[in-house]
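Just below is one structure, and these are the notes that go with it.
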Amino acid sequence: MSIVKLDGLQKMIEEISKSHNLPETAVRQALRKALLKGYERYRRAQNLAHFEEDHFDNFEVDLDLEEECFRVLATKTIVDEVTDDDHQISLADVQEVDPEAQLGGEVVIDITPDQNEFGRMAAIQTKQVLAQELRDQQRQLIQEEFQELEEEVVQARVLRFDRKSIIMAVRSSFDKPEVEADLPQKEQLPNDTYRVGSTFKVFLKKVCDGPHRGPQLIVSRTASGLVVYLFENEVPEIQEDIVRIIAVAREANPPSRYVGARTKIAVDTTERDVDPVGACIGARGSRIQVVVNELRGEKIDVIRWSPDPATYVANALSPARVDEVILVNPEGRQAHVLVSDNQLSLAIGKEGQNVRLAARLTGWKIDIKDTSKYDRDAEQEKISAQIAQERERIAALEAAYPIDEDDDEYEDEETATPIAAELEEVTEDSQSEVDSPEDLTVAEEFEDDEIEDDEEFEDDEEFEDDEEFEDED
């Protein structure tokens with residue numbers, strides 16, 4: 001019985017465990033797999049033959065921490081005539097040691113090569129596989145540790161800068177080691193100042209699984225979930241479920257550098273005597289100011305949710321004063337908002353930001369119109385023509401691609417044809433209505449081209465002087 005010595009084996013395992021934040025059992029498992037790969041490389045070099053991928057599945061490595069060595073063992077089947085030395089052993093050879101051995105049984109044989117035969121290439125292979133196995137163990141450990149914290153807010157510390165990304169250190173709990181996380185450029189706030197060692201609250205956006213180059217955790221400072229978390233921490237009424245956050249629309253990275261970051265948040269209450277907007281703002285803005293400071297001066301509009309779509313749309317355009325909201329196409333969720341001439345630029349906002357956020361918040365397609373120039377009959381005729389065209393389009397799709405409700409093919413979205421999927425989406429959108437707070441979710445996926453403004457987006461001095469926390473009348 002031969003062995004291969006590994007001087008300082010126990011110390012090496014302890015050092016690897018400490019440097020990689022892995023338990024010693026995981027390190028030993030990775031080392032066994034790496035040594036087995038090294039033995040495979042040794043065998044391939046010795047025989048110069050091709051082996052199938054599963055050829056060495058019956059082989060294993062035994063680590064002896066006391067003797068600081070390892071052995072290679074093979075489990076072989078007892079047969080009369082051996083055709084494969086790696087998987088079989090003759091009955092006569094086994095009965096020399098164990099007379100009671102029978103055909104079909106299995107025995108474990110020590111096949112450890114001499115230490116001098118375990119060459120340089122096998123050692124290099126072992127080192128490479130060990131490094132890869134340790135990385136895989138770290139990924140699996142991180143995934144198990146942070147999977148439950150996905151879409152939660154954690155504290156992060158800046159470690160270093162990697163091109164345009166920022167590498168931060170996060171931990172799942174106080175007794176756990178720190179893990180690297182990536183804050184990409186598109187997830188950074190424009191007003192943040194990142195220095196090595198500075199700390200930030202970040203939203204854990206994604207835990208990457210499988211092989212992934214770079215940090216496995218993706219964090220964000222621009223996610224709407226961060227705003228929700230900050231309000232939940234600052235407003236006791238939200239924690240007690242007296243005030244509810246119905247929807248959030250956030251534009252943390254505006255398309256133009258001339259427009260600042262802005263968020264609209266719709267709130268409602270379960271008690272008639274509680275003002276949800278006032279509860280979120282606090283006395284003299286004390287509560288909302290904490291949120292604004294954490295977001296580095298981001299503008300936040302807190303508005304009252306309403307089950308009436310017209311009232312909700314009017315509130316969402318705050319701080320602009322709305323004269324009237326006309327639901328020109330309730331099925332298509334399209335509304336015309338009438339405002340006076342001096343409120344027009346305020347309702348639209350800089351480069352359309354205010355009306356864009358209001359559309360995302362409410363889920364309605366909003367057109368801002370000047371009250372003095374609005375022709376009701378002409379607009380209604382135009383909308384009726386659009387509705388008729390849309391219905392004709394849906395009818396044509398239904399005729400061309402009929403959907404059988406009993407057909408299982410269309411029950412799975414992945415197997416449905418693209419046209420059928422589009423038809424389903426159009427039908428669902430046309431039937432959607434706002435009935436209760438539960439029907440509204442965070443709406444961030446509305447495209448900018450949904451907003452059709454007849455007026456130019458002008459920069460008005462009145463918008464510049466707009467107060468951050470103005471409540472609508």
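Name the residues whose placed amide hydrogens come within less than 5 Å of the amide hydrogen of Asp162, ignoring near sequence neighbours (fewer than 5 apart) on the same chain.
Ile167
Using only the Cα atoms, what convex hull volume per residue in Å³ does region 151-305 have? Please list the in-between numbers first.
Numbers: hull volume 21.3 nm³, N = 155.
Normalising the Cα hull of region 151-305 by residue number yields 138 Å³.
Report the equivalent ellipsoid semi-axes for region 80-238 in whole Å, largest first, defined as the square roots of five times the eigenvalues of the gyration tensor built from alpha carbon atoms.
Working: eigenvalues 606, 80, 29 Å².
Sorted largest first and rounded, they come to 55, 20, 12 Å.
Over region 24-130, what percent of the accessible surface lies on carbon and sulfur atoms, probe 1.4 Å? Before the final figure, lay out the partial values.
On the way: 2830 of 6570 Å².
It is 43 percent, rounded to a whole number.
So what are the ³J(HN,Hα) numbers for region 16-25, from phi and the Karplus equation (6.51, -1.76, 1.60; θ = phi - 60°), rounded to whole Hz, Gly and Pro as x?
These are the phi-based 3J(HN,Hα) values: 5, 4, 6, 6, 9, 6, 10, x, 5, 5 Hz.
Determine the gain in length on full extension of the stretch Gln95-Lys18; use 0.36 nm per residue of separation and subtract their C-alpha separation, reporting nm with one decimal.
Numbers: separation 77, 0.36 × 77 = 27.72 nm, distance 4.71 nm.
Difference between extended and current length: 23.0 nm.
Check which residues have an amide H placed less than 5 Å from Cys69's amide H, if you skip close sequence neighbours.
Here Leu6, Asp64 satisfy the definition.
If we sort 218-226, 301-309 on the protection proxy, mean other Cβ atoms within 10 Å, highest first, what's the order?
Numbers: 218-226: 22.0, 301-309: 20.0.
Ranked by mean Cβ neighbours within 10 Å, highest first: 218-226, 301-309.
Compute the projected area of the convex hull of the Cα atoms of region 168-242, averaged over all viewing directions, and report it in nm² to one decimal place. Show your work: numbers first, answer last.
Values: hull surface 27.5 nm².
Dividing the Cα hull surface by four gives the mean projection, 6.9 nm².
Among bridges DSSP assigns within region 231-317, what percent are antiparallel (round to 5)? Mind showing how you got there, number by number?
Details: 8 of 14 bridges.
Looking only at bridges with both residues in region 231-317, the antiparallel portion is about 55 percent.
With only alpha-carbon atoms in the gyration tensor, what are the semi-axes of the equivalent ellipsoid for region 244-365, in Å, largest first? Display every interim value, and only then the final one.
On the way: eigenvalues 104, 78, 32 Å².
Largest first, region 244-365 gives 23, 20, 13 Å.
Could you derive backbone 3J(HN,Hα) for region 262-269 from the dihedral phi with the Karplus parameters 6.51, -1.76 and 1.60 (θ = phi - 60°), listing whole Hz in sequence and x where the residue is Gly or Pro?
8, 9, 10, 10, 9, 10, 9, 10
Report, in whole Å, the centroid distance computed from the Cα atoms of region 216-294 and region 342-408.
What the calculation gives is 28 Å, centre to centre.
Determine the relative contact order of region 195-307: mean sequence separation of Cα pairs under 8 Å and six or more apart, normalised by residue count, in whole percent. Intermediate results must be reported in sequence, preceding the final value.
On the way: 161 pairs, mean separation 23.9, N = 113.
Relative contact order for region 195-307 comes out at 21 percent.
Along region 174-180, what does the Karplus equation 6.51 cos²θ - 1.76 cosθ + 1.60 (θ = phi - 60°) give for ³J(HN,Hα), rounded to whole Hz, x for Gly and Pro?
These are the phi-based 3J(HN,Hα) values: 5, 8, 9, x, 6, 10, 6 Hz.
Would you pull out the residues with amide H under 5 Å of Asn329's amide H, same chain only if 5 or more places away, H placed 1.01 Å from N?
Gln334
Where in region 71-94 is the amide nitrogen less than 11 Å from a point lying 7 Å along the Cα-to-Cβ axis of Ile111?
72-77, 84-89
Rg over Rh of region 3-154, using C-alpha atoms and the Kirkwood radius, what does it come to? Write out the running numbers ahead of the final one.
Numbers: Rg = 19.1 Å, Rh = 17.7 Å.
So for region 3-154, dividing Rg by the Kirkwood Rh gives 1.08.
In units of 2.2 N^0.38 Å, what is the alpha-carbon radius of gyration of region 127-188? Working shown, then result.
Values: Rg = 13.3 Å, N = 62, 2.2 N^0.38 = 10.6 Å.
In units of the 2.2 N^0.38 Å rule of thumb, it is 1.26.
Using Cα positions and a limit of under 21 Å, work out the lysines in reach of Lys176, with same-chain residues fewer than 8 apart set aside.
Within reach: Lys18, Lys201, Lys205, Lys206.
Alpha carbons only, please: Rg and Dmax for region 1-40, in angstrom.
Just the Cα atoms of region 1-40 yield Rg and Dmax of 11.1, 35 Å.
The values are calculated or read from the model by the stated rules, or taken from the named source; none is laboratory data. Every value quoted in this text rests on a predicted model; they were computed, and no experiment measured them. Methodologically, a virtual Cβ is constructed for each residue, glycine included, from the backbone with ideal geometry; neighbour enumeration extends over all protein chains shown. Surface accessibility is based on the protein's heavy atoms, side chains included, excluding ligands, DNA and RNA. Shrake-Rupley method; radii C 1.70, N 1.55, O 1.52, S 1.80 Å.
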